[in-house]
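Taking it in order: structure first as structure tokens, then the write-up.
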Amino acid sequence: MNVKYWVMVPALSLGIALPLHAENLPAFNLTIKDGRYSPEQVEIPAGQKIKLVIKNDGPGPEEFESSDLNREKLIQDGKTAEVTIGPLNPGTYKFIGEFHPKTAQGQIVAK
């Protein structure tokens with residue numbers, strides 16, 4: 001029983017500490033509206049973890065998806081979601097809106 005306690009305490013501590021740490025990350029805003037991202041290009045510092053704040057102005061839900069970043073996040077109409085990415089090497093990383101892949105396209109540029 002003591003072993004379970006010593007395993008659970010650090011796990012719970014990490015669960016509490018990680019969200020607090022994520023709030024301190026630099027935030028970069030992105031909006032999806034009418035099947036298009038704005039801005040279509042977001043520049044971020046290379047080598048640093050950041051928070052991408054994505055607002056869905058609709059209509060309908062959208063899924064932020066990036067195979068380059070290994071991230072996907074469903075965002076309901078009228079809602080905002082956060083996606084933590086990085087640290088990234090310098091380069092360009094593409095993303096799409098899965099429900100509007102022909103028009104909802106963009107890129108993260110790490111410099």
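Annotations
- Selection within the stretch 52-73 - farther than 23 Å from residue 24 by Cβ, of a type outside the set (S, T, N, Q), open to solvent by less than 90 Å² (accessible area, probe 1.4 Å) and touching a strand residue (DSSP E or B) at 6+ places or on another chain (Cβ under 8 Å): 57, 58, 61, 62, 63, 65, 68
- Pairs with Cβ under 7 Å, 6+ apart, first in the stretch 98-111 and in a strand (DSSP E or B), second modelled with pLDDT under 95: none
- Single condition residue 101 does not satisfy, out of (1) closer than 18 Å to residue 29 by Cβ; (2) more than 11 Å from the chain's Cα centre (by Cα): (1)
- Of the residues screened, residue 57 is not one that is outside any strand (DSSP E or B), at pLDDT 55 or above, within 18 Å of residue 105 (Cα to Cα) and not hydroxyl-bearing (Ser, Thr, Tyr).
- In the stretch 22-48, the qualifying residues are those that are surrounded by fewer than 16 Cβ atoms within 10 Å (Cβ to Cβ) and within 13 Å of the chain's Cα centre (by Cα), and the one that is modelled with the lowest pLDDT is 22.
- Some residue of the stretch 82-89 being outside any strand (DSSP E or B), out of contact with any Phe, Trp or Tyr (no Cβ under 8 Å at 6 or more places or on another chain), modelled with pLDDT of 95 or more and open to solvent by less than 60 Å² (accessible area, probe 1.4 Å): yes
The values are calculated or read from the model by the stated rules, or taken from the named source; none is laboratory data. All values derive from a computational prediction rather than experimental measurement. Note that each Cβ is placed from the backbone with ideal geometry, even for glycine, and that neighbours are counted across all protein chains shown. In case anyone asks, the SASA skips ligands and DNA or RNA and just uses the protein heavy atoms, side chains included. Shrake-Rupley method; radii C 1.70, N 1.55, O 1.52, S 1.80 Å.
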